[in-house]
Amino acid sequence: MTDPGSLRELPHPPPPAEPNPLGWPDYDKVLSRAAERGGSESVTAATARIGGTEVVLLAFDFTYLGGSLGRRAGDRVEAAHTHARRHGLPVVALVATGGSRMQEGMIALTQLQRVAGQMVLTRAAGLPQLTVACDPTTGGGWATLGAGADITLACPGAQIGFAGSRVRPADADPAAYTAESQFDAGSVDALVAPGELRGVLGRWLRLLTRPAPDAAPVPAARGRVDPPPTGWSAVLRARDPGRPRARAYLDAYFGHREELSGDRAGGRDAGMLCGFGALGEGAEAVTVAYAAQCGTATTPAGYRTAARLIRLAGRLGIPVLTLVDTPGAANDAAAERAGAGPAIAEVFLAVAESPVPVTTLAIGEGGSGGALALAAPGNTWVAPDAYFSVIAPEQAAAILKRPPDQAEHTADQLRLRPQDLVELGVVRGITQPGP
């Protein structure tokens, strides 16, 4: 996984004064037998290059007492993070662990607090943290280094979950404790085969460590460029199934990109694309983060994923591009039970408090607050075949107790065309086709 010849193991912290804090019978012999199989602890810390980017690497060895976390392992994790902050390096963790070490009892369990504390300090230093969840990743290792990383990748088929195989309910579905299940639940960003990890990690590291110095430029228009004559014609253009969608805009805008996925709260929304992309090529490429709606009703999971992306970009100093394209937020009973209001609020707040510039382009439907949540105040633009409205014309007509055939007239009254939005001062301008 590392570039040839780049791996340098970090000096180990001195062993604890009391290696057997509980007086566990024959614990010294257990440690000796584990060392005979290779290695001196369940975690090794090193510096290395991955795809040309210098990193601090934490590698777990499951053959050493199940990759368990004890005090000496906690010492190594702390030393690794301290080294990363001192030298301004990203942290990459290859995790394979069954959890806390039984023979050290609560001393082992409290290492999770130490690990979390170090992760917070490294996060505050603006340094990215990436984890590869290997087989298995369970217990406190999953609940800190695994699920708490900025970007979490997982090996296909790996056993991943807070509960290890020996402590689950007898009737538990084993499929729920897999990398695939964690991806579906929004806890893992991508499934990556071992042979592809070096390339994928290299791309992620380049993206997360090379922020663009200025606000994201406004993307060029990809669809029709003539101004719509009426409000209703603007609505029909935005709803045209042949209109360019978010993927077309992102593919044209970025040289390459990597997607993060999931809200870390049990959900994913395929209609919200989030990630980081490279502007330019080669050594001159710089990174912009993106959150893009795909024309569907955005679910609470989609909003939470967007808020996660915007806040991560802010911590890393990477400017953000948002693409608005939704008829509105999902408003069915399932969405309400999943917390639609709080999820939308999180995006409004993330945009409002972002320490990095946010650029917004409305590329399709801009339906009510579910669209406005992603829009940057003072830096929102609109494509010629898009619209933005306080509410969809049909719904506005219904609220005003007008018959359905009044929706077209209502669209004109709402002044939702691109040129109307410019005149009203709610967008900065209409984007034009690129060269």
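Read-outs: derived from the displayed coordinates by stated rules, not from any lab. This structure is a prediction, so every number in the text was calculated from the model and none was measured. With ideal geometry, Cβ positions are generated from the backbone for all residues, glycine too; neighbour counts draw on all protein chains shown.
If you add up the charges near V132, with Lys and Arg at +1 and Asp and Glu at -1, over every other residue whose beta carbon is less than 15 angstrom from its beta carbon, what do you get?
Counting the neighbours of V132, the net charge comes to -4.
In nm, to one decimal, how far is the modelled label at K29 from the one at V225, with both set 7 Å along Cα→Cβ?
8.1
Based on the Cα atoms of the range 130-215, what semi-axes does the equivalent ellipsoid have, where each is the square root of 5 times one gyration tensor eigenvalue, given in whole Å with the largest first?
28, 13, 10
With a bin width of 10 angstrom, please list the P(r) values of the range 346-410 as percents of all Cα-Cα pairs, from the 0 bin to the one holding the largest distance.
21, 40, 27, 11, 1
Average projected area of the Cα convex hull of the range 1-82, in nm²?
It is 5.9 nm².
Over 20 Å, how big is the tail of the calculated P(r) for the range 231-424, in percent of all Cα pairs?
54
Semi-axes of the equivalent ellipsoid for the range 102-146, please: Cα gyration tensor eigenvalues, times 5, square-rooted, ordered largest first, whole Å.
Semi-axes from the Cα gyration tensor: 21, 16, 5 Å.
Can you compute the FRET efficiency between R239 and A283 using 1/(1 + (r/R0)^6), with r the Cβ-Cβ distance and R0 = 41 Å? Round to the nearest 0.05.
Efficiency at R0 = 41 Å is approximately 0.45.
Under a no-solvent Debye model with one identical scatterer per Cα of the range 8-208, what's log10 I(q)/I(0) at q = 0.13, 0.14 Å⁻¹?
-0.68, -0.79
List R206, R224, R8 from most exposed to least, where exposure is judged by having the fewest other Cβ atoms within 10 Å.
The order, fewest Cβ neighbours first, is R8, R224, R206.
Between the range 1-64 and the range 262-321, what's the alpha-carbon centroid distance in Å?
35
Calculate, for N331 and D171, the FRET efficiency according to 1/(1 + (r/R0)^6) with r their C-beta to C-beta distance and R0 35 Å; round to the nearest 0.05.
0.45
When Lys and Arg each count +1 and Asp and Glu each count -1, what net charge do the other residues less than 12 Å away from F276, Cβ to Cβ, add up to?
Net charge in that neighbourhood comes out at 0.
Calculate how steeply helix 340-353 sits against the longest principal axis of the alpha-carbon atoms of the chain, using the helix alpha-carbon long axis, and give the answer as 0 to 90 degrees to the nearest 10.
The two axes meet at around 90 degrees.
What angle do you read, to the nearest 10 degrees and between 0 and 90, between the alpha-carbon axis of helix 300-316 and the longest principal axis of the chain?
70
Using a cut-off of 15 Å between beta-carbons, work out the net charge of the residues near A345 (Lys and Arg +1, Asp and Glu -1, A345 not included).
Net charge in that neighbourhood comes out at -1.
On alpha carbon coordinates alone, what is the Rg over Rh value for the range 184-291, Rh being the Kirkwood radius?
When Rh is taken as the Kirkwood radius, the ratio is 1.05.
Please give, to one decimal in nm, the separation of the simple spin-label points placed at V120 and S181, each 7 Å out from Cα toward the Cβ.
Using points 7 Å along Cα→Cβ, the separation is 3.1 nm.
Just the C-alpha atoms of the chain: what Rg/Rh do they give, with Rh taken as the Kirkwood radius?
Computed over Cα atoms, the ratio is 1.06.
Measure nothing but the geometry: give the 0 to 90° angle between the long axis through the Cα atoms of 111-124 and the longest principal axis through the Cα atoms of the chain, rounded to 10°.
Orientation of helix 111-124: about 40 degrees from the principal axis.
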